[in-house]
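Please read the structure below before turning to the comments.
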Amino acid sequence: MQTAPMDLTSISKEAFAFETFLLAIDSEVDSTYSTENGQIASATGTVLEHLVRTIRASSDEVEVATKLILVPHGGYLCRGDILDLRLRDSEYVESVVQFTSPDSGFSPIPGQGDKSLLAFLPSSPGAFLLKKVKRLTAEMLEEDLKVRLSFDWILPTKPTRRKIAMVGGRPAFNITKGSFGHQGAYEATKALDISMVILDHPGHWLQDEKYSYIRDGFIAIDVTDDAGLPGRIVEALKGKGFDGLLTLSDEFVIPTAKAAETLGLPTEPIASFLQAHNKYEARKLLSPNIQSLLVNSVAQLEDLAVAAQLQNFQYPLIVKPCRGGGSRGVKKAKDPSSLHQAVKQLEETGLSKHGILIETYIDGPEVDANFALWDGDLLFCEISDDFPCQADAIDASVADNFAETVMILPSLLDPEELQDIQTSLYQGLLKLGFRSGVFHLEARVKNSSMRYQETDGVIELAHTGSNASSKPEVVLIEVNARPPGLQAIFAVAYTFGVDYTALQILRALDDRERFAALAQPFAPHSQYHCASATAGNRAPRD
């Protein structure tokens, strides 16, 4: 195996790399490597041997270009797979070869003296193989690495291994193909060196020991969402040395927060969760100008006071459960008859348990906005476009739903409107009393300068072309004190380099240092636009 002369290059104040050309001389990996100055014995047992063997196993090429990444200073990785996470989908990176993290941490880059390859290996967490890109220059590669690694990804001290419990293990979609709910969360705990124990119902698939490679433990409890659930969670965990407790499932957010408070584990104020996850209470606080009414049954619509209030409402109206997610039970009513029908359906399907919210339908582009906060400071926010769904159609009936169709991120709305969305919803979170964590909000922009239109069978955002007399207004749809769903989790991780599940786990452990580091997106915010479509729906143009 041979290397070309080392070209040490400063990538940024956060990263260094030098280019290496590796040559395998036969079918066996030689235990020595050569430079212009002669042969240096033995790389056996070093990460260099691991690198060469990995290359030999993945490439038939005689000569392979690689980059060795060096730490900016001595210390420890903020997460074990940080290079994989941040170099994913690079135009120039074929694959990443991760090196083992030493218990004593990575050494600072050697100063004057030995400039041999082996001397730099204790300062390297990994390397990557370069794609064969025509006219690739050192400047192009350096700029790409600046985009991806311009943040403090090396910690000065080693994080203590800690233990966390998660309520709700989620289903296995296709375990033979490695597809299962909360997959990102389980992968994050491994990369963060955190012990994860799952709480879910007896017989859940994760209880089987053959899946112990995914989680570190399983506690079977009754997870029925009733008044006793917080107490059952507390009884299952107390005295067992847990450092944190979280859930990524909407139905368990409030019980988990109550249990965490009882156990003295990090959490946000219970009052904030209760108000945020009650759509009527959140609406009164954050969008008081929108007509809204709370009822409990279809019979209540006949009450004289309620009927009088509804006479002042402008149709179409939205009818939805006061608590819940996934657009379950959300209906659009175009007249009093369909309003009664929608309320009756929610009552009959058991979705009226926490009340039924009736409110004005807002005609305007819908967005999802996700926030990462620490101690009230906004560390990261991204906004995506939710394309129109069945119930947005002018002729939609109660039978049509608000299930998501296409999501585009980052949003294509005008920058001024995006800033209004971010500012309005961020202030709303603070008003609710939230300070730290990941939050998923949905909103619409009334009087937006853009609207969805169909051209040649393709639906996309376009400017209205009119000078609206009314200023765009951000109208809250709902607040969720949790990360977004699985589809958005992966889309954001690929597009921005930010893993929401990892952040929520770190918030539950009150780990400010790693939360702040991993909330940093790519230098230009996103590396591309990403479209995510639900099966059976049309995606927009590129």
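The values are calculated or read from the model by the stated rules, or taken from the named source; none is laboratory data. Computed from a predicted structure; not experimentally measured. Don't worry about glycine lacking a Cβ; one is built from the backbone with ideal geometry, like all the others, and counts go over all protein chains shown. Just the protein is used for accessible areas: all its heavy atoms, side chains included, with ligands, DNA and RNA removed. Shrake-Rupley method; radii C 1.70, N 1.55, O 1.52, S 1.80 Å.
Considering only residues in the stretch 243-253 that are under 15 Å from ALA508 (Cβ atoms) and buried (at least 19 other Cβ atoms within 10 Å of the Cβ), the one that is nearest to the chain's Cα centre (by Cα) turns out to be LEU248. Answer yes if at least one residue in the stretch 265-274 is within 30 Å of the chain's Cα centre (by Cα), open to solvent by 40 Å² or more (accessible area, probe 1.4 Å), within 30 Å of LEU237 (Cα to Cα) and among the small types (Gly, Ala, Ser), and no otherwise. Looking through the stretch 265-274, at least one residue is within 30 Å of the chain's Cα centre (by Cα), open to solvent by 40 Å² or more (accessible area, probe 1.4 Å), within 30 Å of LEU237 (Cα to Cα) and among the small types (Gly, Ala, Ser). Has the stretch 284-296 got at least one residue that is more than 18 Å from ILE362 (Cα to Cα), open to solvent by less than 30 Å² (accessible area, probe 1.4 Å) and touching a residue at least 60 places away in the same chain (Cβ under 8 Å)? Scanning the stretch 284-296, I find at least one residue that is more than 18 Å from ILE362 (Cα to Cα), open to solvent by less than 30 Å² (accessible area, probe 1.4 Å) and touching a residue at least 60 places away in the same chain (Cβ under 8 Å), so the answer is yes.
Here is a list: ARG482, ARG514, ARG435. Which entry is in a loop (DSSP other than H, G, I, E, B), open to solvent by less than 50 Å² (accessible area, probe 1.4 Å) and at pLDDT 95 or above?
Among ARG482, ARG514, ARG435, only ARG482 is in a loop (DSSP other than H, G, I, E, B), open to solvent by less than 50 Å² (accessible area, probe 1.4 Å) and at pLDDT 95 or above.
On the basis of being under 29 Å from ASP226 (Cα atoms), touching a residue at least 40 places away in the same chain (Cβ under 8 Å), open to solvent by 10 Å² or more (accessible area, probe 1.4 Å) and in contact with a Cys (Cβ under 6 Å, 6 or more places away or on another chain), does HIS354 make the cut? Yes: the conditions hold for HIS354. Could you look through the stretch 460-493, keep only residues that are under 21 Å from the mean Cα position of the chain (by Cα) and of a type in the set (Val, Ile, Thr), and pick out the one that is farthest from ILE254 (Cα to Cα)? That would be VAL492. Of the residues that make up the stretch 408-419, is at least one closer than 26 Å to ASN480 by Cα and part of a strand (DSSP E or B)? Checked the stretch 408-419: at least one residue is closer than 26 Å to ASN480 by Cα and part of a strand (DSSP E or B). Given the criteria part of a helix (DSSP H, G or I) and more than 18 Å from the chain's Cα centre (by Cα), does ASP395 qualify? No, not satisfied. Within the stretch 318-368, restricting attention to residues that are among the aliphatic types (A, V, I, L, M) and part of a strand (DSSP E or B), the residue that is farthest from SER424 (Cα to Cα) is ALA333. One residue alone among TYR315, TYR280 is assigned to a helix (DSSP H, G or I), hydroxyl-bearing (Ser, Thr, Tyr) and either at pLDDT 95 or above or open to solvent by 20 Å² or more (accessible area, probe 1.4 Å) (or both), and that residue is TYR280. Hydrophobic (A, V, I, L, M, F, W, C), over 30 Å from ASP250 (Cα atoms), surrounded by fewer than 17 Cβ atoms within 10 Å (Cβ to Cβ) and modelled with pLDDT under 95, is that true of LEU130? It is false that LEU130 is hydrophobic (A, V, I, L, M, F, W, C), over 30 Å from ASP250 (Cα atoms), surrounded by fewer than 17 Cβ atoms within 10 Å (Cβ to Cβ) and modelled with pLDDT under 95.
Before we move on, is THR224 more than 28 Å from LEU379 (Cβ to Cβ) and open to solvent by 60 Å² or more (accessible area, probe 1.4 Å)? Can you show your working first?
Values: more than 28 Å from LEU379 (Cβ to Cβ): yes; open to solvent by 60 Å² or more (accessible area, probe 1.4 Å): yes.
So THR224 passes the test.
When the test is whether a residue is touching a strand residue (DSSP E or B) at 6+ places or on another chain (Cβ under 9 Å), open to solvent by 10 Å² or more (accessible area, probe 1.4 Å) and either closer than 20 Å to LYS320 by Cβ or not acidic (Asp, Glu) (or both), SER384 does not pass it. Of everything listed in (1) open to solvent by less than 20 Å² (accessible area, probe 1.4 Å); (2) touching a helix residue (DSSP H, G or I) at 6+ places or on another chain (Cβ under 6 Å), the single unmet condition for ILE219 is (1).
As for the stretch 76-90, it holds no residue that is without any contact (Cβ under 8 Å) to a residue 60 or more places away in the chain, in contact with a Leu (Cβ under 7 Å, 6 or more places away or on another chain) and under 20 Å from THR189 (Cα atoms). Summed over the stretch 438-474, residues that are surrounded by 22 or more Cβ atoms within 10 Å (Cβ to Cβ) and of a type in the set (Val, Ile, Thr) total 3.
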